[in-house]
1. Might you let me know whether the range 11-29 holds any residue that is among the charged types (D, E, K, R), modelled with pLDDT under 95 and part of a helix (DSSP H, G or I)?
2. Applying the selection to the range 103-125, what residues are surrounded by fewer than 15 Cβ atoms within 10 Å (Cβ to Cβ) and of a type in the set (A, V, I, L, M)?
3. Taking the residues in the range 24-64 that are touching a residue at least 60 places away in the same chain (Cβ under 8 Å) and not hydrophobic (A, V, I, L, M, F, W, C) as candidates, determine which candidate is nearest to residue 103 (Cα to Cα).
4. Which of the residues spanning the range 30-59 are outside any helix (DSSP H, G or I), surrounded by fewer than 18 Cβ atoms within 10 Å (Cβ to Cβ) and of a type outside the set (S, T, N, Q)?
5. Would the range 83-95 turn up any residue that is within 15 Å of the chain's Cα centre (by Cα) and either part of a helix (DSSP H, G or I) or surrounded by fewer than 14 Cβ atoms within 10 Å (Cβ to Cβ) (or both)?
6. Tell me which residues, restricted to the range 139-173, are aliphatic (A, V, I, L, M), crowded, with 18+ Cβ neighbours inside 10 Å and either without any contact (Cβ under 8 Å) to a residue 40 or more places away in the chain or touching a Leu at 6+ places or on another chain (Cβ under 7 Å) (or both).
7. I'm trying to understand the selection: among the residues of the range 82-124, which are among the charged types (D, E, K, R) and more than 15 Å from residue 149 (Cα to Cα)?
8. Out of (1) over 20 Å from residue 78 (Cβ atoms); (2) at pLDDT 95 or above; (3) assigned to a helix (DSSP H, G or I), what's the single condition that is false for residue 171?
Amino acid sequence: MAISSRSRKQDLIISPDYKFMLKHPAHILALGFGSGLSPKAPGTLGTLFGIPLFMALMYFPEIYHYWTIGILFIIGIPICHITGRALGVSDHGGIVWDEIVAFMLVLEFTPLSWTWWLAAFLLFRLFDIWKPFPIKQADAKLKGGFGVMFDDLLAAIYAIASLKALQWLMMHY
């Protein structure tokens, strides 16, 4: 009986665990220090993990925020590529570094208030899951570490634009 190429490909996909995560520093980061190992909603947990990282960043002047988030995005490309290749799928659900960094960017443009941060979280998750144009197209066409990072960057931009629109509406109505 012949095995289809899809079955063989699925056999190569690894389900990450702590042992896998600790095999390489890139895996530790890509899997969000373990938050991506959750069997349910790893992207949501990864997004939440961005909150304490951003709060630590708030102790530094704002100019360092942009540089730090930019650097985290750039190093996320090889981190996600290495881990995706080891897992057998480019954008494995357990890879959450993209959510962490993208949500930190969203928080940079969000007022310091729990209600605004909740709105930021909900909007970012909405756009990350829904993937409206052109996010879905970027997700389908761009592969490797850059593709993993880029679609979440687009979701962050949508969330930031929505938050700014909400702020404008609240100020004018």
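The values are calculated or read from the model by the stated rules, or taken from the named source; none is laboratory data. Because the structure is predicted, anything quoted here is derived from the model rather than measured. Positions of Cβ are generated from backbone atoms using ideal geometry, with glycine treated the same way; all protein chains shown enter the neighbour counts.
1. Looking through the range 11-29, at least one residue is among the charged types (D, E, K, R), modelled with pLDDT under 95 and part of a helix (DSSP H, G or I).
2. Passing the criteria: 112, 118, 122.
3. 47
4. Residues satisfying the conditions are 39, 40, 41, 58, 59.
5. Restricting attention to the range 83-95, the residues satisfying the condition of being within 15 Å of the chain's Cα centre (by Cα) are 83-84, 90-95.
After this cut, where a residue has to be either part of a helix (DSSP H, G or I) or surrounded by fewer than 14 Cβ atoms within 10 Å (Cβ to Cβ) (or both) as well, the list is 83-84.
Yes - at least one qualifying residue is present in the range 83-95.
6. 154, 156, 159, 163
7. Answer for the range 82-124, where residues must be among the charged types (D, E, K, R) and more than 15 Å from residue 149 (Cα to Cα): just 108.
8. Just one mismatch for residue 171, condition (2).
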